[in-house]
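All remarks here apply to the structure that follows.
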Amino acid sequence: MSEQKTIKHIAFIMDGNRRWAKKRSLPVIAGHKQGVESLKKITKFALDNNIEHVTVYAFSTENWKRNKKELDFLFKLLSEVALKELAELKSLGVKVDFLGDLSKFNFFDIKKNLANLKSETQQNCRLNLHIALNYGSLAEIANALNSLQEQKVSKVCLEDLQNHLYLPSLPDPEILIRTGGEKRLSNFLLWQSVNSELVFTNTLWPDFSEKELSQILESYKSQDSLEPVCA
């Protein structure tokens, strides 16, 4: 029997909150709230299973196209979650940081609450939770190239680019999971996922369970190739 693969980093495209709400004739905001509960469950699963890194796609550069009412709720929810979950994240030993350009988050005290969440959890070491906000992979790569240009680097190598990403020391994810049935990466971790196993599941993010994640991980550990999970 071949040695089982180790899993240090799992990334998630958390898709399906709005469709989850629509299926239940609920307002969109109910789907986003339930999505937060799913993230809390997956975070605790990662802690219980000694996974070192979890990265989640929370808000993309393309999400600004959504209607203002939904955006206002998302930003308010984000600010509230940063405040409300801080104590538990600290007690669980979760370190939080962010990928993306946070300069546009200047309302509902988001920037202050996110900065506080990051600073207050920096000493934690059981799990690294990386949250992608106003994130786009192409923008990340362009930002890295601009930084190198400003430093007047004449010949750019792969290591140079890696060192100028948002989180240069972040290990590449072994598995990248997208919920919600879509089979695309949507400008998420394009550089970091070049060798990742890609899993696309029809399960909407608010319904994504620890059981399904466990099945995905066991399949990855025990097989040479990973079959997509279809719920």
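The values are calculated or read from the model by the stated rules, or taken from the named source; none is laboratory data. No experiment lies behind these values; they were computed from the predicted model shown. Glycine gets a Cβ as well: all are built from the backbone with ideal geometry, and neighbour counts include every protein chain shown.
What do you reckon, is CYS157 without any contact (Cβ under 8 Å) to a residue 60 or more places away in the chain, surrounded by fewer than 16 Cβ atoms within 10 Å (Cβ to Cβ) and either farther than 30 Å from LYS221 by Cβ or touching a helix residue (DSSP H, G or I) at 6+ places or on another chain (Cβ under 7 Å) (or both)?
Working: without any contact (Cβ under 8 Å) to a residue 60 or more places away in the chain: yes; surrounded by fewer than 16 Cβ atoms within 10 Å (Cβ to Cβ): yes; either farther than 30 Å from LYS221 by Cβ or touching a helix residue (DSSP H, G or I) at 6+ places or on another chain (Cβ under 7 Å) (or both): yes.
Considered against the rule, which asks whether it is without any contact (Cβ under 8 Å) to a residue 60 or more places away in the chain, surrounded by fewer than 16 Cβ atoms within 10 Å (Cβ to Cβ) and either farther than 30 Å from LYS221 by Cβ or touching a helix residue (DSSP H, G or I) at 6+ places or on another chain (Cβ under 7 Å) (or both), CYS157 comes out as yes.
Listed conditions (1) part of a helix (DSSP H, G or I); (2) modelled with pLDDT of 95 or more; (3) among the polar types (S, T, N, Q) are all met by SER186, apart from (1).
So for the range 128-142 (the condition being more than 23 Å from MET14 (Cα to Cα), surrounded by fewer than 16 Cβ atoms within 10 Å (Cβ to Cβ) and out of contact with any Cys (no Cβ under 6 Å at 6 or more places or on another chain)), does at least one residue qualify?
From the range 128-142, those more than 23 Å from MET14 (Cα to Cα) are 142; that's our starting set.
This time we only want the ones that are surrounded by fewer than 16 Cβ atoms within 10 Å (Cβ to Cβ), so: 142.
Cutting the leftovers down to out of contact with any Cys (no Cβ under 6 Å at 6 or more places or on another chain) gives us 142.
Yes, some residue in the range 128-142 is more than 23 Å from MET14 (Cα to Cα), surrounded by fewer than 16 Cβ atoms within 10 Å (Cβ to Cβ) and out of contact with any Cys (no Cβ under 6 Å at 6 or more places or on another chain).
Rundown of residues vs (1) modelled with pLDDT under 95; (2) within 30 Å of LYS90 (Cβ to Cβ); (3) within 13 Å of the chain's Cα centre (by Cα); (4) among the polar types (S, T, N, Q), yes/no style:
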{"residue": "MET1", "(1), (2), (3), (4)": "yes, no, no, no"}
{"residue": "LYS5", "(1), (2), (3), (4)": "yes, no, no, no"}
{"residue": "HIS9", "(1), (2), (3), (4)": "no, yes, yes, no"}
{"residue": "LYS23", "(1), (2), (3), (4)": "no, no, no, no"}
{"residue": "LEU26", "(1), (2), (3), (4)": "no, no, no, no"}
{"residue": "GLY31", "(1), (2), (3), (4)": "no, yes, no, no"}
{"residue": "SER38", "(1), (2), (3), (4)": "no, yes, yes, yes"}
{"residue": "ASP48", "(1), (2), (3), (4)": "no, yes, no, no"}
{"residue": "HIS53", "(1), (2), (3), (4)": "no, yes, yes, no"}
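Are any of the residues in the range 193-206 modelled with pLDDT of 95 or more and part of a helix (DSSP H, G or I)? Yes, there is a match, as at least one residue in the range 193-206 is modelled with pLDDT of 95 or more and part of a helix (DSSP H, G or I).
Can you pull out every residue in the range 196-211 that is hydroxyl-bearing (Ser, Thr, Tyr) and either farther than 19 Å from LYS41 by Cα or in contact (Cβ under 8 Å) with a residue 40 or more places away in the chain (or both)?
At the first step, the residues of the range 196-211 found to be hydroxyl-bearing (Ser, Thr, Tyr) are 196, 201, 203, 209.
Listed by number, the residues that qualify are SER196, THR203, SER209.
Of the set (1) closer than 26 Å to LEU217 by Cα; (2) in contact (Cβ under 8 Å) with a residue 12 or more places away in the chain; (3) assigned to a helix (DSSP H, G or I), all apply to LEU74 but (1).
The set of residues in the range 160-182 that are assigned to a loop (DSSP other than H, G, I, E, B) and in contact (Cβ under 8 Å) with a residue 40 or more places away in the chain comprises TYR166, LEU167, LEU170, PRO171, ASP172, PRO173, GLU174, THR179, GLY180, GLY181, GLU182.
Please find, within the range 45-67, the residue that is surrounded by the most Cβ atoms within 10 Å (Cβ to Cβ) out of those that are polar (S, T, N, Q) and out of contact with any Gly (no Cβ under 7 Å at 6 or more places or on another chain). It would help to see each step written out before you state the result.
Let us first name the residues in the range 45-67 that are polar (S, T, N, Q), namely 49-50, 55, 60-61, 63, 67.
Applying the additional criterion that residues be out of contact with any Gly (no Cβ under 7 Å at 6 or more places or on another chain) yields 49-50, 55, 63, 67.
Values: ASN49: 13, ASN50: 11, THR55: 26, ASN63: 16, ASN67: 8.
Within the range 45-67, the match that is surrounded by the most Cβ atoms within 10 Å (Cβ to Cβ) is THR55.
In the range 197-215, how many residues are closer than 18 Å to SER60 by Cβ and either surrounded by fewer than 22 Cβ atoms within 10 Å (Cβ to Cβ) or of a type in the set (D, E, K, R) (or both)? It would help to see each step written out before you state the result.
Of all residues in the range 197-215, those closer than 18 Å to SER60 by Cβ come to 198, 200, 204-205.
Among the residues that remain, those that are also either surrounded by fewer than 22 Cβ atoms within 10 Å (Cβ to Cβ) or of a type in the set (D, E, K, R) (or both) are: 198, 200.
Of the residues in the range 197-215, 2 are closer than 18 Å to SER60 by Cβ and either surrounded by fewer than 22 Cβ atoms within 10 Å (Cβ to Cβ) or of a type in the set (D, E, K, R) (or both).
Here is a check on your reading of the model: is ASP97 touching a residue at least 40 places away in the same chain (Cβ under 8 Å), closer than 25 Å to SER137 by Cβ and outside any strand (DSSP E or B)? Judged against the criteria, ASP97 is not a match.
Going by what's in this entry, would SER79 be described as more than 27 Å from ILE175 (Cα to Cα) and assigned to a loop (DSSP other than H, G, I, E, B)? No, not satisfied. Among the criteria (1) surrounded by 13 or more Cβ atoms within 10 Å (Cβ to Cβ); (2) in a helix (DSSP H, G or I), the one ALA87 does not fulfil is (1).
Among the residues of the range 99-106, is any surrounded by 17 or more Cβ atoms within 10 Å (Cβ to Cβ) and at pLDDT 95 or above? For the range 99-106, residues surrounded by 17 or more Cβ atoms within 10 Å (Cβ to Cβ) and at pLDDT 95 or above: present. The single condition among (1) assigned to a loop (DSSP other than H, G, I, E, B); (2) at negative phi; (3) surrounded by fewer than 18 Cβ atoms within 10 Å (Cβ to Cβ) that ASN146 does not meet is (1).
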